[in-house]
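Report on the following structure.
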Amino acid sequence: MPQAEYQTSSVSEIRATPRSMRLVTESIGVDLERFSADNAHIVRQIRLLAINALIEAARAGETGKGFAVVANEVQRLAQGANETAERFQENVLGRIRQSRDMADDLVEQMEGVRLIDLAQTLVQFIVRNLFERTADVRWWATDSALWEALEQPSAERVQHAAARLGVINRFYTVYLDLVMTDAKGRVIASANPRYQRNLVNKDLSNEDWFRAARTCRSGDDYVVDTVRRSPLHDDRDILIYATGIRAGGKTDGALLGTLGVYFDWKAQGQAIVEKEANLPPQVAASTEVLLLDGSNMVIASSRPERIYTHFALNNPRNLGKGSYYDQSGAIVAFAKTLGYEDYDGLGWSGVIVQNLDSDDLLRQQLRLK
């Protein structure tokens, strides 16, 4: 009795999943097929016995007539049992086979949909966060301390501009630094005291973000660099948003210089994949959560060693979202960003890779034959 109670308890503690439910249904089908085959075998044996009985009754002549009646009745019952078995096989087993096919489809759909939704939620979460960065950089570029230091350069104005950037940086902890350059790419001021000495007067004219920011046609425009490490900031992972600083802080003012805000990507990106997914410990252990940029480069992962590697996403039809099973049997769910407001999200994607228990292991856990 204690053993039986233990077995019931342990099976009931197994997490209900589409895959485990499919295996239970499959096991019921196998048992019913075995029952049907055994029943058909018994019916054949009964019919054979009935035939033998009739033969023996015929040999016995007059004395075997009563036995012949019994043998005929047995044969009739055997025929009825055979017809019932055929109907059972055609109707019940047919439905079981159909339910197996449906269960296979449901497993793929349910496992995929659940993870697709999570991937979509995570990438949208970070994209909404980054949308605010586009507003920040355009707003701060109109600060009078910045354009005045570029229009009428002086040590006092430059110091004031650096102080203003420092105040912003102190209250907006999502940024690693804010850097102001003149129109030629020379750094005029930096917000972070830790890097100011090495940055001031440095030539950033070859930086992609600077060259792109110079092409902004008005103060309404901005540019976004790719996620990368910044050699100027101890190789920290950053994402730079930039725009032009214009005369008088006007949208259509002449270009005086640029403002680049260095978003602290590592702190924010890792928080998304490690905390926001909020997976139960037993699930998290077999799951990898990733963010990919528009070229499928890994820019955040719950396995940090994967960062800056290419992820071979199997999406030949360029779908906005979907799921598939990879060569190892893991399910891969993905969802591209939908963007937010006027921010297109840079084509980023959320990806969930989840290793699944093998069917054999699940059968062992469920004690299915």
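The table for this structure:
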read-out: Environment charge at Asp264 (Cβ cut-off 10 Å; Lys +1, Arg +1, Asp -1, Glu -1); value: 0
read-out: Dipole magnitude (debye, nearest 20) for the chain, charges at Cβ of Lys, Arg, Asp, Glu; value: 200
read-out: Bins of 10 Å, starting at 0 and running to the largest distance - Cα pair percent for region 226-303; value: 17, 33, 24, 17, 6, 3
read-out: Environment charge of Asp38, counting only residues whose C-beta is closer than 14 Å and scoring Lys/Arg +1, Asp/Glu -1; value: 0
read-out: Residue among Thr309, Ala254, His41 farthest towards the positive dipole end of the chain, charges placed on Cβ; value: Thr309
read-out: Selected from Leu239, Tyr222, Ser144, residue furthest toward positive end of dipole (region 133-243; charges at beta carbon); value: Leu239
read-out: Part-to-part distance (alpha-carbon centres) for region 244-295 and region 314-338, which is given in Å; value: 23
read-out: Angle between the chain longest axis and helix 2-12 axis [Cα atoms, degrees, rounded to 10]; value: 50
read-out: The chain: radius of gyration over Cα atoms, expressed as a fraction of 2.2 N^0.38 Å; value: 1.73
read-out: Potential extension, Glu156-Gln45 segment - 0.36 nm per residue separation minus Cα distance; value: 29.2 nm
read-out: MRE, 222 nm, helices only [DSSP H, n ≥ 4, -39500 (n - 2.57), over the chain, to nearest 500]; value: -16500 deg cm²/dmol
read-out: Sequence-distant residues sharing a close amide H with Leu176 (under 5 Å, placed H); value: Tyr262, Phe263, Asp264
read-out: Whole-number Å³ per residue for the convex hull built on Cα positions in region 189-260; value: 91
read-out: Equivalent ellipsoid semi-axes - Cα gyration tensor, region 109-238, angstrom; value: 33, 16, 15
read-out: Ranked Ser144, Ser295, Ser230, criterion: other C-beta atoms within 10 Å, fewest first; value: Ser295, Ser144, Ser230
read-out: Dipole in debye (nearest 20) - region 161-261, about Cα centre, beta carbon charges: Lys, Arg +1; Asp, Glu -1; value: 280
read-out: Tilt relative to the chain, helix 94-140 - C-alpha long axis, 0 to 90 degrees, to 10; value: 10
read-out: Cα-centre dipole for region 216-369 with unit charges at Cβ (Lys and Arg positive, Asp and Glu negative), debye to 20; value: 320
read-out: Calculated from backbone phi, Karplus (6.51, -1.76, 1.60) coupling profile of region 160-176 in Hz, x at Gly/Pro; value: 5, 4, 4, 5, 4, 4, x, 5, 4, 5, 5, 8, 10, 6, 6, 9, 7
read-out: Over the chain, relative contact order from alpha-carbon pairs under 8 Å, at least 6 apart, %; value: 17
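A short reminder: the numbers here are calculations on the coordinates, not readings from a lab. The structure presented is a predicted model; accordingly, all values stated were derived computationally and were not measured. Positions of Cβ are backbone-derived with ideal geometry, glycine not excepted, and every protein chain shown enters the neighbour counts.
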